[in-house]
2 protein chains.
Amino acid sequence: MNLIRYGEKFFDEIEIAIYRKRNVGVDVELNQVALSSLSERTVSVIRGMKDKRIGIYVVDSDDEGEIRKGIEIAAKNAKNNERDERWQGLPGEQKYEDVSIDLDYSIKSLSPDFFVELANEAMREINKRDKNAMVAGGASGFQWFENRIMNSHGIDVLQEFGGTFFYLFVVGRKGNVVTPGIVDFEVRRDSKITKDAVVNSILEKLQYAYNVKGANKTEGNILIEPLALAELLYFTLLPAVNGERKVKNTTPLANRVGERIFSEKITIYDDPWHPMSTNPVIADDEGVAARRNVIFDKGVFKGFLWNSYWGNISGEGSTGNGIRSLSTGGIGIGAHNLVIEKGNKRKEDIIGEIEEGFLISAFQGAHSSNPDTGDFSVVANPAFKIENGEIVGSTVFMMSGNVYELLKNVEEISDTEKKIVMMGNGVFPDILFRDVKIAPVSK
Amino acid sequence: MNLIRYGEKFFDEIEIAIYRKRNVGVDVELNQVALSSLSERTVSVIRGMKDKRIGIYVVDSDDEGEIRKGIEIAAKNAKNNERDERWQGLPGEQKYEDVSIDLDYSIKSLSPDFFVELANEAMREINKRDKNAMVAGGASGFQWFENRIMNSHGIDVLQEFGGTFFYLFVVGRKGNVVTPGIVDFEVRRDSKITKDAVVNSILEKLQYAYNVKGANKTEGNILIEPLALAELLYFTLLPAVNGERKVKNTTPLANRVGERIFSEKITIYDDPWHPMSTNPVIADDEGVAARRNVIFDKGVFKGFLWNSYWGNISGEGSTGNGIRSLSTGGIGIGAHNLVIEKGNKRKEDIIGEIEEGFLISAFQGAHSSNPDTGDFSVVANPAFKIENGEIVGSTVFMMSGNVYELLKNVEEISDTEKKIVMMGNGVFPDILFRDVKIAPVSK
């Protein structure tokens, strides 16, 4: 608290946040290990207010002298800035949930060798089991985070967490056929990551992929896998539940709390403590107590996510969803671990009951979706054709629509779920949607 | 050389490169200093070959123990990789040019305060001199680099260099008119950076910008400013002179060395030691002696840029243009400081002699140009209309064409030049092109 005391000489309120990140991993390219690497970064962010004027300083260090210097610089920055009349103060002391979180500290001591072996074994097995397969890309490694958030209102919270990951991107060539790239991945909060699930899933899909089918339909039953679902929701739904957008009136959910928005099969929450979460935080990036926030309960919209700033302005208060950008030092709003509640049917059984339809592994172009309306226009690739309960080949098609219409049309949800860390942080099942409009992609 | 010796136990050849980068600066947003920051990064890259198998390890540290460990990991990576039969070896001992380069070491001790003051003074002056102006964004700071390249063939070279920068992005609002964003910037290899040039140039252009003119022409005389020129050439011409593309036959210049390609007014070279260069290196990222490479001499194509790998394959040898990617550890080909030779006419005089035409400050969309053909299709924005030798207002238009056609059509080149660091590294004058096809942008 020494540094906080020092900061109070210059500011009415001050926050000091220190982030340490360690990343060990291996990159795979064209059937070989292109490189392995160890990267470490320590960043301190000083955010102070004086007469409602903000001053921010970001430094790649946790050295006390550097932070003291940073406080002085932030104070000078603040002096020249304009008053923010909407500022209501940094958060005060919190009561943190007493979550029993099993952290696997052995992650931290995994060596690059471990991931090099994992990647090499996976590549050997893929090349052995399918002579036409080529591992085009991939990566494996771990990330470990240690964060400390302190402020002059009594917050001082230290947290650490992390996870391991493994993903591969495989292409098959047989005769004139080049398959779409087949991706699979695994993300874990422990060190028990193995090649098997990823290798088996990719090889199975690759078999279907050699058989390229046209998608000559304009409507279909569509089973969307977790990664594809995450891609779609990250750009359409996640922005729409951000409280800042409610205040600014740039979300279609602005005045719809309590309304039924989606199919009653859909329950969505932000849950940092879900068993698959790799960031089971007890506090957000401002030190506000994290919690499990239900966003949609059986299709009914329950409320927005807030940080302190926008939560204070709206009167709703923070929901513990303040997320810091390390490039600007500022606090935005985000989910810790967005969860769509899983269902109770096996994925194989869902596929088995589809007379005609498609399975979608990934989307392209989701980033150009419109968060103000929920409209999207994406390419399903790779996608697979299902006939009489079986996958019969790979295909590519366009899918244009609106996320609010789509999520009304839910037919089934799988009883399995997958941890995603690429498109936001979340845990998603597979969801079957009925009668979705699609269009073939012209080659 | 201790570490190199250690590496030779594992590899036939080994290279160890250590990069230190220090970045101090301030970010400006909406008329205030959004943050100041100090970032430092040290990265070591180990690249070893054993039986023509490559192993690469990248670590965020220059600690000897970490580098030793990295050598061992890189060796394991190499073991599992495939032989690269085209590999001919790391470069051997070099004779470096005895360049007398004035480095301004005082840059390194500039504080964030210095840049905060600079930005605040500039914003105050802009808001005072033009009540309708708003500084939408900007940045100021310095970068300082210290690199050491060592290999087992006797290379051991240590270099340092850096520069200061200041840029602002200003929008004007008057009545119903919102001007395009007016950008100007300065990059220096010393610490004598001031607000004046940037502020004056922006305020002058802003005056013209309030007067919005249509671009109802299909052809025109066009004076392209340094930043816009850099944007265009970075995506069209720079890839075309990359030796790797010659070997792979993906450049329109593949078999045209010695041919006249451009107007004889055009001379282009890569010159790390140009008086405005902020990276006056004596060695490239493999330790090969850097040099001044003439690429086009009075319009005649003189040759490609090469690193060792592709230079060895082609038989041309390296031209000292090996550039390392710190994310992959690998060596590509690039320019240190691409220079278009300036002309001998004052920019004001060039404008003064244009009866009807346009001045272009920046392009949008240059990144979607086609480096295989030189085709581009860009939006000129901000651009200004010139009538009877005077700038009369701002405008926006499309410009589609081909860089090889464009650079045949050179009318005049200004006697002033500007250092660019955003789109590659280079020094560019203003160039007047005759009868360029343009098209209005529909609103």
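Here are a few things to note about the model shown:
- At least 1 residues being outside the structural domain of B:E341 (by TED's automatic domain parsing) is the threshold, and among the helices (runs of 4 or more DSSP H) wholly inside the stretch B:190-306 those reaching it are B:196-209.
- When B:L359 is tested against (1) open to solvent by less than 30 Å² (accessible area, probe 1.4 Å); (2) over 23 Å from the mean Cα position of the chain (by Cα); (3) within 15 Å of B:K217 (Cβ to Cβ), exactly one condition is not met: (2).
- Remark: A:I73 matches the filter, which requires a residue to be facing another protein chain (nearest Cβ under 9 Å), buried (at least 22 other Cβ atoms within 10 Å of the Cβ), more than 33 Å from the chain's Cα centre (by Cα) and free of Cβ contacts under 8 Å to residues at least 60 places away in the same chain.
- Some residue of the stretch B:158-172 being in contact with a Lys or Arg (Cβ under 6 Å, 6 or more places away or on another chain), touching a residue at least 40 places away in the same chain (Cβ under 8 Å) and in the same structural domain as B:K21 (by TED's automatic domain parsing): yes
- Test result for B:D27, of a type in the set (D, E) and surrounded by fewer than 18 Cβ atoms within 10 Å (Cβ to Cβ): no
- Within the stretch A:151-202, the set of residues being more than 30 Å from A:P91 (Cβ to Cβ) and of a type in the set (D, E, K, R) comprises A:R173, A:K174, A:D184, A:E186, A:R188, A:D190, A:K192, A:K195, A:D196.
So that you can scan it fast, the table gives a plain yes or no per residue for (1) within 30 Å of A:V396 (Cβ to Cβ); (2) surrounded by fewer than 18 Cβ atoms within 10 Å (Cβ to Cβ); (3) modelled with pLDDT of 95 or more; (4) of a type in the set (F, W, Y):
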site	(1), (2), (3), (4)
A:V198	yes, no, yes, no
A:I202	yes, no, yes, no
A:N216	yes, yes, no, no
A:L223	yes, no, yes, no
A:R256	no, yes, yes, no
A:D270	no, no, yes, no
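- With respect to the conditions (1) at the interface with another protein chain (Cβ under 10 Å from one of its Cβ atoms); (2) in contact with a Gly (Cβ under 8 Å, 6 or more places away or on another chain), B:G7 falls short on a single one, namely (1).
- Test: residue in the stretch B:89-97 that is open to solvent by less than 10 Å² (accessible area, probe 1.4 Å) and at negative phi: no
- So A:D98, is it within 11 Å of chain B (Cβ to nearest Cβ), more than 29 Å from A:T328 (Cβ to Cβ) and not aliphatic (A, V, I, L, M): no
- Every condition in (1) at pLDDT 95 or above; (2) at the interface with chain B (Cβ under 10 Å from one of its Cβ atoms) is met by A:K79 except one, and the failing one is (1).
- Test: residue in the stretch A:53-66 that is crowded, with 18+ Cβ neighbours inside 10 Å and more than 12 Å from every other protein chain (Cβ to nearest Cβ): no
- One residue from B:V178, B:V183 being open to solvent by 20 Å² or more (accessible area, probe 1.4 Å), modelled with pLDDT under 95, in contact with a helix residue (DSSP H, G or I) (Cβ under 8 Å, 6 or more places away or on another chain) and assigned by TED's automatic domain parsing to the domain that holds B:R20: B:V183
The values are calculated or read from the model by the stated rules, or taken from the named source; none is laboratory data. Note that the structure is a prediction, hence the values are computed from the model and not measured. Every residue, glycine as well, gets a Cβ built from its backbone with ideal geometry; the counts of neighbours run over all protein chains shown. Surface accessibility is based on the protein's heavy atoms, side chains included, excluding ligands, DNA and RNA. Shrake-Rupley method; radii C 1.70, N 1.55, O 1.52, S 1.80 Å.
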